[in-house]
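Following: one structure in structure tokens, then a few remarks.
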Amino acid sequence: QVRLVESGGGLVQAGGSLRLSCAASGSTFSINAMGWYRQAPGKQRELVALIVRGGSTNYADSVKGRFTISRDSAKNTVDLQMRSLKPEDTAVYHCNTAPVGALNWGQGTQVTVSS
């Protein structure tokens, strides 16, 4: 099965930017939609952005206008550009199929936004 490895997280001040990357060990070409999810402490995992094979995207209201998801099917990568970060964006970020994570979850990458 496809293995997912997320990277790019870190500690950033509010208003800053980060770019997350998700690398898949196998081909994701046949997967229609990929997404980025996040889980904050004590909260349920939520889908924040998804991209379908044709390039259409959709975002949670909380990140709309600040996050941009992109996909490179040739490289089997899905990236999430995050701008104007807020403390409430602090979470562990994961990628997976969307709108339901059907693959084994990777370890994720921690994003911490300080105020």
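Observations
- A search for C-beta distances below 8 Å between a residue of the range 88-102 that is aromatic (Phe, Trp, Tyr) and any residue that is buried (at least 16 other Cβ atoms within 10 Å of the Cβ) and assigned to a loop (DSSP other than H, G, I, E, B), counting only pairs 6+ apart in sequence or on different chains, returns Tyr93/Gly9; Tyr93/Gly108.
- Cβ pairs under 7 Å, 6+ apart, first in the range 47-62 and farther than 12 Å from Pro99 by Cβ, second assigned to a strand (DSSP E or B): Thr57/Ala49; Thr57/Leu50; Thr57/Ile51; Thr57/Ile69; Tyr59/Val48; Tyr59/Ala49; Tyr59/Phe67
- Residue that is most open to solvent (accessible area, probe 1.4 Å), among those in the range 71-110 that are of a type in the set (A, V, I, L, M) and not in a loop (DSSP other than H, G, I, E, B): Val92
- Wholly within the range 6-66, strands (runs of 3 or more DSSP E) carrying at least 1 residues that are open to solvent by 60 Å² or more (accessible area, probe 1.4 Å) and among the basic types (Lys, Arg): 18-24
The values are calculated or read from the model by the stated rules, or taken from the named source; none is laboratory data. Computed from a predicted model, the values in this text were never measured in an experiment. So basically every Cβ, Gly included, is an ideal-geometry build from the backbone, and we count neighbours across all protein chains shown. Heads up: the accessible areas ignore ligands, DNA and RNA and are worked out on the full protein's heavy atoms, side chains in. Shrake-Rupley method; radii C 1.70, N 1.55, O 1.52, S 1.80 Å.
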